[in-house]
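Worksheet for the structure shown next.
The values are calculated or read from the model by the stated rules, or taken from the named source; none is laboratory data. Model, not experiment: these values are computed from the prediction. So basically every Cβ, Gly included, is an ideal-geometry build from the backbone, and we count neighbours across all protein chains shown. Each accessible area value is taken on the protein alone, full model and side chains, heavy atoms only, with ligands, DNA and RNA left out. Shrake-Rupley method; radii C 1.70, N 1.55, O 1.52, S 1.80 Å.
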Amino acid sequence: MTHSIECLLIKGDKLKKLLEEFHMSFTFAVFTAFPSKVDHFEILEVPEIYDNEDYWSENYVPTIPQAEFEIGFFDSTDIIFTGDKQVLNGFQKKANFISFTNYIETSI
């Protein structure tokens, strides 16, 4: 089975509308969030999650330096947030996320 890498740039408000209108499932996908000041035409890399063992590293950082955070979706069962520690701490407090280390140590 082959896979392709596709890139779609969409503003947060448009994504929110899509998620409200449609029931979506994301498999092997990466959402990358950028500050509004980033020129999207200067983005030269696209993060890849399929067969990317680095994504399972506790020290993984987004492949695009301007990214504030990434949300990685693995086969619709695992979701990993990575990026700016301050942003991730805010997510963890709001959504009661467990740490990456605790997640890896949790038996399935």
Among the candidates Ile64, Ile49, Ile43, single out the residue that is surrounded by 13 or more Cβ atoms within 10 Å (Cβ to Cβ) and under 25 Å from Glu105 (Cα atoms). Ile49
Test result for Phe22, open to solvent by 50 Å² or more (accessible area, probe 1.4 Å), touching a strand residue (DSSP E or B) at 6+ places or on another chain (Cβ under 9 Å) and aromatic (Phe, Trp, Tyr): no
Could you grab me the full set of residues in region 67-108 that are modelled with pLDDT of 75 or more, polar (S, T, N, Q) and open to solvent by less than 60 Å² (accessible area, probe 1.4 Å)? Thr82
Taking only region 24-36 into account, find how many residues are over 29 Å from Glu105 (Cα atoms) and within 12 Å of the chain's Cα centre (by Cα). 1
Only one of (1) under 13 Å from the mean Cα position of the chain (by Cα); (2) modelled with pLDDT of 80 or more is not met by Asp39, so which one is it? (1)
Region 29-108: strands (runs of 3 or more DSSP E) wholly inside it with 2 or more residues that are free of Cβ contacts under 8 Å to residues at least 40 places away in the same chain are 78-83
